[in-house]
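Notes for the one structure printed next.
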Amino acid sequence: MTSLEVQDRRLNTLDGKEWVKRTKSWFVINPRRRNADQLSHPAKYPEELVERFLEFFTKPGGWVLDPFAGVGSTLVASKLLSRNSVGVELDPDFVSVAQQALREIDGEGFYEIIVGDSTCITELLETYFEGNPPMFDFLMTSPPYWNMLRKSRGGNDSVHKDRKSSGLKQYYSESHQDLGNIGQYSRYIEAVSQILEEAGSFVEQGKYIVVVAQNMRDVDGTMRPIAWDLAARLSRTFLLKQEQIWCQDNKRLGCWGYPTTYVSNVHHHYCLVFQKQ
Ligand SMILES: C[S@@+](CC[C@H](N)C(=O)[O-])C[C@H]1O[C@@H](n2cnc3c(N)ncnc32)[C@H](O)[C@@H]1O
């Protein structure tokens, strides 16, 4: 193989030392304080989290897709790192915040966030790109964690109260298209999976998909292992490579079950890594 061919086949531009560091199965990222616009969204992930994966799974100039784009963290990180990006987000208010954030930062590349229901992602991309949508090098996203934002439980209860007293949204929307409003858990897992399968059809063969999710405890104490259930369901379509565990160690610890019952403080998320086959 010529050195040009090797260069072309490279997954990223990291040197060996950095590559090895990034393959550790857990890492800590403490989200920075959000600005007022970003606070309008109840569950954004930090741009640093996206940057970590973009640097591993893409090269500058690559194309990135996020079907649950929220306030645009995936697109902002992509622009900062000179990747091209396309997002789809149901709520127009979040899209406005994303567009403003994208205008305010320096960076290169194409970026567009489309308002719409990702259940119709093929149609949305076909329409926007006039029948010729790009193929993507990487998909990174975080779906709603079922309807958990609507439920008062342990830590969520205090977050709810804080957001409510500050006049901020406690959940995404009232829309029946919002996956965070689905009543039945199995239907939610299926709906997220179907969207990701369809979005995945726009990802190049052999390229990667990262889905950020968390296992949750329901109000009655039942565990809803969203991350594990999505990993199992999506394994039917994509090759599950591993998970990386994103830990936060700057969150308040709550004293939930003391002194009788075990209730954990969940300060980690699963970043499920799949490969398109
Ligand atoms: C966990 S948030 C994603 C946050 C995003 N990663 C960020 O950092 O801003 C999930 C998003 O999915 C959106 N959503 C829910 N149902 C949707 C659907 N059917 N189509 C598109 N977006 C949807 C919600 O409005 C919410 O913004």
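The values are calculated or read from the model by the stated rules, or taken from the named source; none is laboratory data. Computed from a predicted structure; not experimentally measured. Here the Cβ is made from the backbone with ideal geometry for all residues, glycine too, and neighbour counts use every protein chain on show. Note: accessible area is taken over every heavy atom of the protein model, side chains too, but ligands, DNA and RNA are not part of it. Shrake-Rupley method; radii C 1.70, N 1.55, O 1.52, S 1.80 Å.
Could you check how many residues of region 1-11 are in a helix (DSSP H, G or I) and open to solvent by 100 Å² or more (accessible area, probe 1.4 Å)? Reasoning before the result, please.
Restricting attention to region 1-11, the residues satisfying the condition of being in a helix (DSSP H, G or I) are 3-9.
When the remaining residues are screened for being open to solvent by 100 Å² or more (accessible area, probe 1.4 Å), the result is 4, 7-9.
Within region 1-11, residues that are in a helix (DSSP H, G or I) and open to solvent by 100 Å² or more (accessible area, probe 1.4 Å) number 4.
Close contacts from region 256-267, counting a first residue that is over 16 Å from Asp218 (Cβ atoms) and a second that is in a loop (DSSP other than H, G, I, E, B) and open to solvent by 100 Å² or more (accessible area, probe 1.4 Å), with Cβ to Cβ under 7 Å and a gap of 6+ residues or different chains, come to Asn265/Leu253; His267/Asp249. Within region 14-69, the set of residues being touching a strand residue (DSSP E or B) at 6+ places or on another chain (Cβ under 9 Å), surrounded by fewer than 16 Cβ atoms within 10 Å (Cβ to Cβ) and among the aromatic types (Phe, Trp, Tyr) comprises Trp26, Phe27. A single member of Asp220, Asp229 is of a type in the set (Asp, Glu) and either assigned to a loop (DSSP other than H, G, I, E, B) or under 21 Å from Phe56 (Cα atoms) (or both), and it is Asp220. In region 110-125, the residue that is most open to solvent (accessible area, probe 1.4 Å) out of those that are within 12 Å of the ligand (Cβ to nearest atom), of a type in the set (Val, Ile, Thr) and not in a strand (DSSP E or B) is Thr119. Counting only helices (runs of 4 or more DSSP H) that sit completely within region 12-94, those holding 2 or more residues that are under 29 Å from Leu149 (Cα atoms) and not small (Gly, Ala, Ser) correspond to 47-57, 73-80. None of Gln100, Gln38 is out of contact with any Lys or Arg (no Cβ under 7 Å at 6 or more places or on another chain) and not basic (Lys, Arg) except Gln100.
The residues of region 90-109 that are over 23 Å from Gln170 (Cα atoms) and either surrounded by fewer than 14 Cβ atoms within 10 Å (Cβ to Cβ) or at pLDDT below 95 (or both), listed by number, are Arg103, Glu104, Ile105, Asp106, Gly107, Glu108, Gly109.
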